[in-house]
1. From a point 7 Å beyond the Cα of residue 456 in the direction of its Cβ, which residues of region 343-381 have a backbone N at a distance under 13 Å?
2. Each residue of region 380-394 in order: what ³J(HN,Hα) in whole Hz does its phi give by Karplus 6.51 cos²θ - 1.76 cosθ + 1.60, θ = phi - 60°, with x for Gly and Pro?
3. Say R0 is 51 Å: what FRET efficiency, to the nearest 0.05, do residue 780 and residue 550 get from their beta-carbon distance?
4. Rounded if a/c is under 1.5, else prolate if a/b is larger than b/c, else oblate: which is region 307-448, with a ≥ b ≥ c the root eigenvalues of its Cα gyration tensor?
5. If the limit is 28 Å between Cα atoms, which of 221/754; 545/598; 443/839; 225/285 go over it?
6. By a straight-distance test (C-alpha under 23 Å), which lysines pair with residue 91 as possible cross-link partners, with residues fewer than eight away in the same chain excluded?
7. Once the piece of chain linking residue 817 and residue 703 is laid out straight, how much longer is it, given 0.36 nm per residue of separation minus the C-alpha distance between them?
8. Run the paramagnetic zone check for residue 655: 7 angstrom along Cα to Cβ, then residues of region 795-831 with backbone nitrogen under 13 Å.
Amino acid sequence: MLRKRINTFLPLVIFCLVSYYSGVKAQNTATIYGKLINAENEPAEDIQISVFGSSQAPVYTDKNGIYEYKVPANKEIEIVFSNLGYNQQKKAVNLKPGQRFELNLSLTLNTKIILPDVEVTDNIRATGTTRLDPKVVSFIPTASGDFNAILFSQPGVSSRNELSSAYSVRGGNYDENLVYVNDIEVYRPFLARSGQQEGLSFVNGDMVSSILFSAGGFEAKYGDKLSSVLDIQYRRPRKFNGTGSASLLGGSAHLEGASKDFRFTWIMGARYKTNQYLLGKTDVKGDYRPSFIDLQTFLTYDISDKWEIDLLGMYSNNKYNVVPQTRETQFGTVNQALRFLVYFDGQEVDRFETGQAALSAIYRPNDRLQMKFISSVYKTSEDETFDIMGQYYIDQIETDFGKPSFGQVKANLGVGTYLNHARNYLDGTVMNAEHKGSYSRGKNLMLWGIKAQHELITDRLSEWNYVDSAGYSLPQGNLSEINLQKVLKTENTLSSNRLSGYTQYIWNKDLRDTSTLIITAGLRANYWDLNQQTVISPRVTFAYKPNWKRDFLFRASSGFYYQPPFYRELRSMDGVVHTDVKAQQSIHLVLASDYNFKLWNRPFKFVSEAYYKILNDLIPYEIDNVRIRYFASNSAHGYATGMDFKINGEFVNGIESWFSLSLLQTKENIRNDYYYDYYNSDGEKIIAGYTNNIVKTDSVRHEPGYIPRPSDQLVNFSLFFQDYLPKFPDFKMHLNLLFGSSLPFGPPTYERYKDTLRMPPYRRVDIGFSYQLVKEGKKLPPHNPFHNLRSVWLGVEVLNLLQVNNTISYYWVKDVTNRTYAIPNYLTNRQINIRLIVKF
């Protein structure tokens with residue numbers, strides 16, 4: 001009888017009713033339903049609805065804030081609406097049997113406590129940290145298919161390689177960005193030199209519940225890097241769910257669930273990626289066999305109401321194997337079109353194997369105090385081995401339309417052979433123990449932490465190049481000797497310990513005119529026993545929210561940001577490790593405004609920031625693709641200055657889009673980088689620094705002064721735009737556009753003042769079209785094969801829609817006249833990708 005009366009309800013509600021009201025007649029129950037929203041009129045997801053003082057199983061709001069709940073009738077009860085991030089609300093009701101009662105509420109944020117998976121929105125806004133929507137990640141069309149794609153279109157962020165997850169922020173490099181997952185710091189691979197080798201970044205987008213990102217001026221609770229911080233929280237699920245996705249570039253799957261009493265939760269994910277489809281359309285033809293696999297899990301268990309245990313685990317195995325065959329690259333100008341043709345022998349075999357595990361214990365004796373104890377281990381084993389020989393031809397192409405040989409080879413400018421060899425092996429282990437705590441008092445919050453870390457790096461480096469341009473490097477004199485170029489052969493073992501800590505206080509004060517002032521002040525300290533250096537980092541942010549009709553917030557941030565060197569910064573160009581290298585310093589000065597407003601009766605946000613960074617004790621570096629090679633000395637100082645703008649909101653009703661614009665200038669002055677002008681025997685000046693046929697030098701020494709840093713990029717513009725057909729809203733379009741102006745580069749002489757050339761701008765448009773075959777929340781009849789699925793999406797993506805040949809780096813060769821050519825290494829061409837996303 002009971003099942004017949006409620007056969008229109010969801011299976012989850014049926015389960016709750018049967019388990020709790022076994023034998024109770026339907027006329028003794030009523031139904032409450034409605035929608036819950038937050039202070040910004042957004043749906044409040046995952047709010048628990050329960051009956052006060054009852055053991056009846058609760059229900060939770062869905063992503064639209066909708067809920068429906070069976071409650072006892074004919075008696076007064078209290079309905080409790082609760083979530084760690086919101087103030088609890090109770091509503092008394094007394095309903096008649098069978099009555100349906102609509103109860104809609106607006107929930108306010110809980111500003112008294114911050115737990116690991118919950119951040120207070122007002123404090124986030126006041127510190128300049130941006131919250132991003134993790135649900136958008138799966139809809140961003142991108143060649144990498146990586147979680148970090150959501151960062152590439154944020155203000156201040158620059159990425160010029162669709163095959164890589166690496167990014168730079170406000171003039172920094174790829175090594176200057178902090179990444180945390182559930183308060184655990186994660187690391188980038190050491191040896192990867194190209195985006196093709198990188199594989200997957202650490203973050204699994206299917207498991208993410210919260211994304212916080214700051215491009216500068218971040219809090220003292222975050223660690224010691226110069227540029228940015230990405231703070232990720234993995235989800236604590238409340239019920240069984242799963243997803244699966246597949247495309248021509250790989251696939252992923254994840255499962256999650258919780259025990260009946262919600263004390264134990266689990267979530268795990270697996271990802272597979274292959275670049276074979278993408279790399280097959282590049283200039284270098286060959287047999288590509290890349291394979292990138294990643295497994296992760298996050299478990300939580302509430303031992304009691306006060307103690308919680310968390311376990312985060314990750315294992316990845318990235319392999320990149322390629323047997324190149326030929327390469328044909330067109331370059332030059334309209335009047336002088338050139339072709340670089342190469343025939344290859346040999347192969348490259350790379351392996352990057354990484355594992356990380358972290359165990360956390362969280363103690364909450366009351367609603368004010370929280371203490372977290374973390375122990376983690378990171379282990380990496382990286383192999384880079386290749387022997388590749390290329391026989392190349394540099395040809396001039398006929399450009400005269402009137403000649404029958406138009407487009408064919410007009411003349412050969414040079415031939416040669418090069419051989420690249422490497423046997424590089426690196427093993428790294430990072431172990432640490434950490435304590436973090438928080439204590440709230442009213443609207444104010446104190447944070448603190450201390451961390452001890454041990455690092456062990458073993459590095460065996462053996463690589464060299466050999467280039468023969470028509471015999472110019474053949475043996476001279478002693479015919480038994482061959483001159484190799486860029487010979488690196490060394491073995492290094494490095495063991496060291498670090499100790500760091502911080503304290504931070506957030507002071508929230510309502511002023512007399514009901515305006516709000518929020519001050520976030522903190523202090524960090526870091527000691528490294530290898531170079532015996534201690535650095536102190538004070539940081540402060542003032543946020544003022546005036547009592548205006550319009551929702552403005554103004555913010556000023558400043559602080560000292562030190563980056564003690566890791567192993568990569570210590571190893572110089574010749575492979576020697578310099579243990580006396582000190583921490584780099586960046587002093588951030590940031591002014592910002594934040595404006596929430598309504599346009600077309602829909603929510604929007606406009607953020608603008610101006611910044612100036614004073615850079616001291618810099619370690620100069622050169623970059624090739626994604627490989628950074630440091631000079632291993634604190635021999636430079638410089639600056640970075642610019643402005644960032646972003647507007648985001650519902651340009652199309654119901655879906656979010658955004659536009660970002662960044663302006664940047666960053667330069668450095670390297671000590672002792674002077675040079676003299678040289679002349680040949682005819683009195684003609686030769687390019688600075690070249691010494692062929694020298695007879696005399698200019699008596700005046702030239703000081704280059706401030707030169708552009710490798711990340712100096714004047715303009716970055718990006719957008720992510722979504723739309724749908726008005727009459728068919730299940731058909732959607734997702735457009736991702738990135739534009740970055742020219743970056744500096746120069747010949748591979750490791751003399752930074754020669755890097756005065758500029759790459760072409762980076763221009764890329766990716767567009768995706770998707771159709772929702774099964775709509776979430778829609779109940780299908782049992783005979784439908786998709787009735788057990790929450791949603792199904794089918795998508796088609798056009799990658800590099802405009803077919804732009806973007807340049808990531810250059811390969812330098814010479815002809816028989818010793819003339820040097822910079823051969824551009826192009827990224828991927830236009831390609832089609834098909835994606836299927838299933839949620840259940």
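What follows is calculated from the coordinates using simple rules that are stated; it is not laboratory data. Bear in mind the structure is a predicted one, so any value in this text is a computation, not a measurement. Ideal geometry is used to build each Cβ from the backbone, glycine not excepted, and the neighbour counts take in all protein chains shown.
1. 378-380
2. With the stated coefficients, region 380-394 comes to 9, 9, 10, 10, 10, 9, 7, 9, 10, 10, x, 9, 10, 10, 10 Hz.
3. Working from the Cβ atoms, E equals 0.65.
4. Numbers: a/c = 5.64, a/b = 2.63, b/c = 2.14.
It comes out prolate by the Cα gyration axes.
5. 221/754; 443/839; 225/285
6. Answer for residue 91, where 23 Å is the Cα cut-off: 35, 63, 70, 75, 112, listed by chain and number.
7. On the way: separation 114, 0.36 × 114 = 41.04 nm, distance 3.05 nm.
Gain in length upon complete extension: 38.0 nm.
8. 795-796
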